[in-house]
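The structure under discussion appears below in the form of structure tokens.
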Amino acid sequence: MKPPQKAATLHDVATHSGVSYQTVSRVVNNHPSVAEATRNRVLRSIEALKYRPNRAARSLVTNRSDTLAIMSFGSTFYGPAQMLANITQYARSKGYRVSPTAIEQLTHDDVRAALDDLHEHLIDGVILIAPVVSDVMSEVNELAGRIPYIQIDTAPRPGVASIGIEQVYGTQLAVNHLIDLGHRRIAEISGPLNWYDAIMRHRSWVSTMDRHTLRHDMTVEGNWTAESGYNGVLSLLNDGAEFTALVAGNDQMALGAIAALHEHGLNVPDDVSVVGFDDIPESAYFLPALTTVHQDFKLLGEQSIELLISLIRNPEMPIHQRVLYPDLIVRGSTAPAR
């Protein structure tokens, strides 16, 4: 019988990566004074040797578990799913374990159950991804002041650290691009108007159209799906709306909208220009390739973890909000108005 393989130690990792024992210890304990290249070399050695720190013993000394909780709602949709994936990946690269909790319904019972579960474990910090507007989520604010805690993709709250992508600016980019192309009759298919991002994008569409003294009554509400984009175009056309451009609340709805326009003999972009939001990987391969607003979810994930780690290490750090700005990716689905 083959004897069990001896578990790797810090000294083994130090030898394998060609650095000192102290450097490996700093990496394992997420100390900031390690060069990024050195940190990556040590992390590769940790992975190669399958080194696992004795977290139970260390938590008794530090009162930390190196575990972060992520509470998320709406993770079946692209935006929240990308946030969750990138936050998780970057947290692990920094040596943290991740304990995800998916909140299926925004009810008091579901949120309370998630909070109760957190209280039963030693958690160093919490990230909340809560894109839906609901007074239920205010219950989570009880975490503020008792555990390092940040919110993502929701309205900023006083006394709570947060990171978000500027949705108003993103929609301004989309609408101004169409106006610069000569479009004056611009319709909208919004996302569900109980979602924070959808509300911000819709309000921005209205205000940008107002600023250019353009009508903003050609709008329908979707639910983020391609089917709702398809049905949204049918609703607009059945109501007699005459538009040369369309702003969709996300890329999936834009996909459905393009299909409906083609079925009704309207060419994209010759007859109707279409702009989406999110820049999903498939958007570059739509027919035509989709002009869309790019959100940097990778940077959002990195910034979220960096902010949370800073709060963990320095509880006296002032609470603040960070804002990231999206970019417009121009492709073949938009053209000058005829």
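Throughout, read-outs are computed from the coordinates displayed, never taken from laboratory work. Everything quoted here is computed from the prediction, not taken from an experiment. Neighbour counts run over all protein chains shown; Cβ positions are idealised from the backbone, glycine included.
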- Identify, among Gln295, His216, Ala254, the residue whose Cα sits farthest towards the positive end of the charge dipole of region 167-295, taking +1 on the Cβ of Lys and Arg and -1 on the Cβ of Asp and Glu, with the dipole about the Cα centre. His216
- Item | Rg followed by Dmax, in Å, when region 170-252 is reduced to its Cα trace | 11.7, 32
- Among Gln321, Ile280, Leu236, pick out the residue whose Cα is farthest towards the positive end of the charge dipole of region 233-338, where Lys and Arg carry +1 and Asp and Glu carry -1 on C-beta, about the Cα centre. Gln321
- Item | For region 10-53, the Rg and Dmax computed from alpha carbons only, in angstrom | 8.9, 24
- Item | Gly191 long-range amide H proximity, modeled H, under 5 Å | Gly222, Gly249
- Message: Quick check for me: using +1 on Lys/Arg Cβ and -1 on Asp/Glu Cβ, what's the dipole size of region 10-53 about its Cα centre, in debye to the nearest 20?
- Response: 60 debye
